[in-house]
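Enquirer: Got a structure here, written out as C-alpha cells. Questions coming.
The values are calculated or read from the model by the stated rules, or taken from the named source; none is laboratory data. Quantities reported herein were computed from a predicted structural model and do not represent experimental measurements. When we count neighbours, we look across all protein chains shown, and the Cβ atoms used for this are built from the backbone with ideal geometry, even at glycine.
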Amino acid sequence: MAAIPSKTPGKITVRRVKLERNYERAFWLFMRLSGVAMLFLAVGHMVIQHIVNSSANLTIQFVAAQWSTWGWKAFDILLLWMAIPHGIRGLFNILGDYIHNAGARRLISIVLGVFVVATVIWATFAIALFDSTRF
Amino acid sequence: MQAKLRIRRFNPETDKKPWWGEYTLDEVLRTDTVLDLLHRVKWEQDGTLTLRRSCAHGVCGSDAMRINGANALACKTLVKELGVKNDVVKIQVEPILGLTVEKDLLVDMEPFFDHYRSVMPYFVTDTPVPADGRERLQSPEDRARFDDTTKCILCAACTTSCPSFWADGRYVGPAAIVQAHRFIFDSRDEAAGERLDVLADTFGVWRCRTIFNCTNACPREIKVTEAIAEVKMAITSGRV
C-alpha cells in the first residue's frame, strides 16, 4: 500500500494564482466592504440624528452645529462615499439582470456612473466647504 | 392511498401553450417515489408523457424536475414527504425552469452543459506522472478541500432553481461553479487561474446573490452557496 506523503501533514497546500485584472471583482469587494462600513456609518447616523436627537429637532441650525467640526464633516463625507456608489451599483446589478442588450447596458452604466461621480464630487464639496458661522 | 397528480404537459407539434394534465392513481404507497407515479401515469394512462430518467436511484441525475414548486429528483422524492392528507397526496410536477421545454418534462440541457464545459471540468497538469507510474498523491487535508463538490451529478436542480440564471441564461450557474471548484481547489491541478478567469467574468460568480436556492435544491446536499463563496474569495485573494 502506498504511503500517504508526509510533506504537509495536517496542512493544506495554498497556491497563488495570477488573474487578469477585472472591475467586477473590484465592485464586488467594494459592495462587501462598504456594506460593513455602512453598518456603522448609516446605522450610527440614523441613531444620532433621529433617536438620540429627536427628528423633530432636526433643523439647519442643528446640522450647522454638527458641521462646525471636521469630525462630523468627515463622518458624513465617508457615509456619502460609501452609500451613493453602493446604492447605485446595487441598482445597476438589478437592472443588469433584466436588461440583456449590451448597448442598453452600456448606456445605463454610463448614465449611472456619471450620476455617481457628479453627486459624490458635488456633495463632498458642499459638506467640506460648509460654513457653519452663517447659521 | 390515492395520488392526484397535476403534470405540466407540452407537445410542440400540437400545443401552442403548455397545459396541466390531471391524473389520479389508486393503491399508491407512502414509500413510492414520484418517479414511480410518473411511470404509472405513462404506463397505465397516457403513454405520450415524456420525461428523462435513467438509473432511478439518485445517481445519474436525469430526472430533476419541479415537484410541488421545488426542484428535486423524482426518483429520490417519496410520497410521504409531500404532505399526505386523509390518505390522499396532491403532487404537482413541472419541468425545471430556465431551460427550453422540448416536450412535457423534458428540457434542452445543452445551454447547461455549455456552461459546464466553459469551466474546463477536467484535470489539467504539465507535471510528469510519478516515477513509479502510480497515482499523484495528496494529503487527506488537501483532498478534503474539494470533497463536497465531487458529489455533483450534474442534474441541474441547482442552476435551474437560481433566479439569476432565470433572469439571464448567460450566467454560468451554480452547477458549473461547483464543478470548477472541484478542480480549482485540487492541489494536483494546474489550471486554477484559467478557470478563475472564466468565473471572474461578468457572467461568472458575481451574478450569485447568495440566496441559497441552489443549496436547498441540491439532491446530493452539496453546500453549493459555500462553494461559490470560496471561489469568490479565491478570485478576490488570488490564492487557492
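Enquirer: Tally the residues that are part of a helix (DSSP H, G or I) and surrounded by fewer than 22 Cβ atoms within 10 Å (Cβ to Cβ), restricting the search to the stretch B:86-114.
Expert: Narrowing the stretch B:86-114 to residues part of a helix (DSSP H, G or I): B:110-114.
Subset that is surrounded by fewer than 22 Cβ atoms within 10 Å (Cβ to Cβ): B:110-111, B:113-114.
Residues meeting the conditions: 4.
Enquirer: Also, quick follow-up: Given the conditions (1) within 9 Å of another protein chain (Cβ to nearest Cβ); (2) touching a residue at least 40 places away in the same chain (Cβ under 8 Å); (3) over 16 Å from A:L19 (Cα atoms), report the number of the one that B:R170 does not fulfil.
Expert: Going through (1) within 9 Å of another protein chain (Cβ to nearest Cβ); (2) touching a residue at least 40 places away in the same chain (Cβ under 8 Å); (3) over 16 Å from A:L19 (Cα atoms) one by one, B:R170 breaks only (2).
Enquirer: Criterion first (facing chain A (nearest Cβ under 8 Å) and not in a helix (DSSP H, G or I)) does B:T202 satisfy it?
Expert: On the way: facing chain A (nearest Cβ under 8 Å): yes; not in a helix (DSSP H, G or I): yes.
Against the criterion (facing chain A (nearest Cβ under 8 Å) and not in a helix (DSSP H, G or I)), B:T202 qualifies.
Enquirer: Also: Identify all residues within the stretch A:84-130 that are outside any helix (DSSP H, G or I) and either on the phi > 0 side of the Ramachandran plot or not aliphatic (A, V, I, L, M) (or both); write none if there are none.
Expert: At the first step, the residues of the stretch A:84-130 found to be outside any helix (DSSP H, G or I) are A:99-101, A:129-130.
A:H100, A:N101, A:F130, listed by residue number.
Enquirer: With the requirement that a residue be in contact with a His (Cβ under 7 Å, 6 or more places away or on another chain), within 26 Å of B:R143 (Cβ to Cβ) and part of a loop (DSSP other than H, G, I, E, B), what does the stretch B:155-199 give you?
Expert: Within the stretch B:155-199, just B:V172 meets the criteria.
Enquirer: Go through the stretch B:211-236 residue by residue and tally those that are of a type in the set (S, T, N, Q) and either at the interface with chain A (Cβ under 9 Å from one of its Cβ atoms) or part of a loop (DSSP other than H, G, I, E, B) (or both). Can you show your working first?
Expert: Going through the stretch B:211-236, the residues of a type in the set (S, T, N, Q) turn out to be B:213, B:215-216, B:225, B:236.
With either at the interface with chain A (Cβ under 9 Å from one of its Cβ atoms) or part of a loop (DSSP other than H, G, I, E, B) (or both) added as a condition, the list becomes B:236.
Here the count works out to 1.
Enquirer: Turning to a different aspect of this structure: When both residues are 6+ apart or on different chains and their Cβ atoms are under 9 Å apart, which pairs have a first residue that lies in the stretch B:49-69 and is surrounded by fewer than 16 Cβ atoms within 10 Å (Cβ to Cβ), and a second that is β-branched (V, I, T)?
Expert: Cβ pairs passing all conditions: B:V59/B:I153.
Enquirer: Out of A:A83, A:A123, which single residue is at pLDDT 95 or above, under 18 Å from the mean Cα position of the chain (by Cα), over 16 Å from A:F27 (Cβ atoms) and hydrophobic (A, V, I, L, M, F, W, C)? Can you show your working first?
Expert: Numbers: A:A83 fails: over 16 Å from A:F27 (Cβ atoms).
None of the others qualify; the one that does is A:A123.
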